[in-house]
Every structure is written in structure tokens, then in C-alpha cells.
Amino acid sequence: MRRGLQPAQRQVSHKAFGRYIVQMVGAASRIAVERFEEARNGRPGIRQLMRNYGEVLLAQTFQTVSCNAVHLVEARCCR
């Protein structure tokens, strides 16, 4: 049995985590998960872009969790 971290696509479902509201004027697009995975798997540039995004999102999450653990809510809200 392999141990350690598994790729993100094996860890989460393809369902949204909640309801999202966009508060900007403009157009939006969406594609099916299967089509997105085809593009990601078939193009190294897109795959690398997604890896980079995942790393930055994880770093930002770690920063938020750290600040929440160390600073009082008043200090976090004054920025």
C-alpha cells in the first residue's frame, strides 16, 4: 500500500462545496469537469498552472490558519 499525499483530484469530489454568488458585472463561463480534465491532462502548461495555483492556495490557507491561531480577532480585523 502506498502512503503519503494523494493527488488532489483523488481527494475531493467534483461537486461544489457550497453556493457561490458573484458580486461583479460581467460574463462567466463554465465547462464540464471531464472536459477540464482532458485539457489539464493533455497540456503540460495547463497542468503546471494548476499545480502552481494549488501551491499558492495552500500557502495562503496556511497563512490564514496561522494568523487565526496567533492573533486576536480584533487584530485580524484591523487590516
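Taken over region 21-65, the criterion of being open to solvent by 100 Å² or more (accessible area, probe 1.4 Å), hydroxyl-bearing (Ser, Thr, Tyr) and in a helix (DSSP H, G or I) is satisfied by Tyr53 alone.
State all residues of region 66-79 that are open to solvent by less than 100 Å² (accessible area, probe 1.4 Å) and either assigned to a helix (DSSP H, G or I) or closer than 30 Å to Asn41 by Cβ (or both); if no residue qualifies, say none.
Ser66, Cys67, Asn68, Ala69, Val73, Ala75, Arg76
The values are calculated or read from the model by the stated rules, or taken from the named source; none is laboratory data. Here the structure is a predicted model, which means the values were calculated and not measured. We place every Cβ from the backbone using ideal geometry, glycine too, and count neighbours over all the protein chains shown. Accessible surface is based on the protein model in full, side chains and every heavy atom, while ligands, DNA and RNA are left aside. Shrake-Rupley method; radii C 1.70, N 1.55, O 1.52, S 1.80 Å.
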